[in-house]
Amino acid sequence: MAPTDLLARQHGVTLAPLLDAAGISMAVLTGRDKPKDRRAIMEKMAAGEIAVVVGTHALFQDDVRFKDLGLIVIDEQHRFGVSDRMRMVAKGFAPHVLVMSATPIPRTLALSIHGDMDISILDEKPPGRQPIRTVAMPSTRAHEIMDAIREAAQRGERAYWVCPLIEESEAVDLAAVEDRYEELKALFGKGVEIVHGRISPTAREAAMDRFRSGESFMMVATTVIEVGVNVPEATIMVIEHAERFGLAQLHQLRGRVGRGDRRGSCILLWKPPLGVAAKERLDTLRQNDDGFAIAETDFKMRGAGDVLGTQQSGLPPFRLVAPEAHADMLGAADKEARLAIERDPDLKTPRGQAVRLVLNIFGYADAAELARSG
């Protein structure tokens, strides 16, 4: 399961030859499929004629049935809510769940601390990848970036310019992507594209194709390009009003550049005055390119969320424990709890009855389902 149609289809293209060689049937299911094609795929899924389905939110809709769902892989996990993941898990009987993200959400780190999730870390970059140079500067210096983009275009490189809004708003003083697009198009002429959520999928794909092929060299966009966009020639990422973005989003956007053999640059434009929390976020990104370390900082800044509920960040409802400070104690408590269950699986002893009471107080049955969904 992937958060966007573009990424789901990209995964489908990657997996198809591998699964075909192994004799495993596969299909792609997204909200953009024609009703007739969608019905045909869903009928085969329900009958067990398709072994692997790659898709978007379309996979956990009420009318989707799996014959025997045994494994769920959720890519870009931070883009899905807990309830979304629960609906997917509910499609099978205790399926295995693998969630993937370059920047795990605070709640996921909390679950790992409590022993409810195992974590595997891939900390090696693909061959040939170079570290991305990250700088932060006030928005008053935005004009200095233009010359660098022009020089990069002459070398055959490409650039992204990300804005947080589609249209200018009086309530929120942020740069609008359409206004910035008109300004950059007037400055550079042809070769500037625009992509945002209100553009039709067909027009969006056409703009992306022109950008990939080199027909255009600059993409002005909202965060729709955060995941699933892979253009090796893109080396410059400009994020306007970076102080308004979260750490996970900033790291994901930065990851859109430097995907080839050329070094990428990420420019974080911020509008003065810069608050303490915003400064800490930007400093974290400048000093670190390790997604897991960035996620840990995010965890400490935003809180662990509610491991017994659906809240993915914020202060946890603990009275005596701070998960980020007492991780070793929580790990020990987890081992003790598992040992208690092994010795008294039915919780019949006096100690077991006490454990049962605590489980009932905290609504363990519901919490277990939440934990299993990540």
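General remarks:
- For the pair Asn230 and Arg356 in one chain, pulling the backbone fully straight at 0.36 nm per residue adds 40.3 nm over the alpha carbon distance.
- Between Ala203 and Glu144, residue separation times 0.36 nm minus the direct Cα-Cα distance comes to 18.2 nm.
- Label positions at Leu18 and Val135, each projected 7 Å from the Cα along the C-beta direction, are separated by 3.8 nm.
- Entries of Lys67/Lys125; Lys300/Lys335; Lys91/Lys335; Lys185/Lys271; Lys67/Lys335; Lys125/Lys271 with Cα pairs more than 28 Å apart: Lys67/Lys125; Lys91/Lys335; Lys67/Lys335; Lys125/Lys271
- The length gained by stretching the chain between Ala293 and Arg244 to full extension, at 0.36 nm per residue less their Cα-Cα distance, is 15.6 nm.
- Taking amide H positions as modeled 1.01 Å from N, with prolines and chain starts lacking one, the residues under 5 Å from Val238 and 5 or more places away or on another chain are Tyr160, Trp161, Val162, Ile267.
- Within straight-line cross-link reach of Lys348, aspartates and glutamates at Cα separation under 14 Å, skipping those fewer than 8 residues along the same chain: none
- On the beta carbon distance between Ala278 and Glu215, with R0 = 45 Å, the FRET formula returns roughly 0.80.
- What the Cα convex hull of the stretch 188-265 gives, in volume per residue, is 103 Å³.
Just so you know, all these numbers are worked out from the coordinates, no wet-lab data involved. For clarity, every value in this text was computed on a predicted model and none was experimentally measured. In this analysis, Cβ positions are derived from the backbone assuming ideal geometry, glycine residues included, and neighbour counts consider all displayed protein chains.
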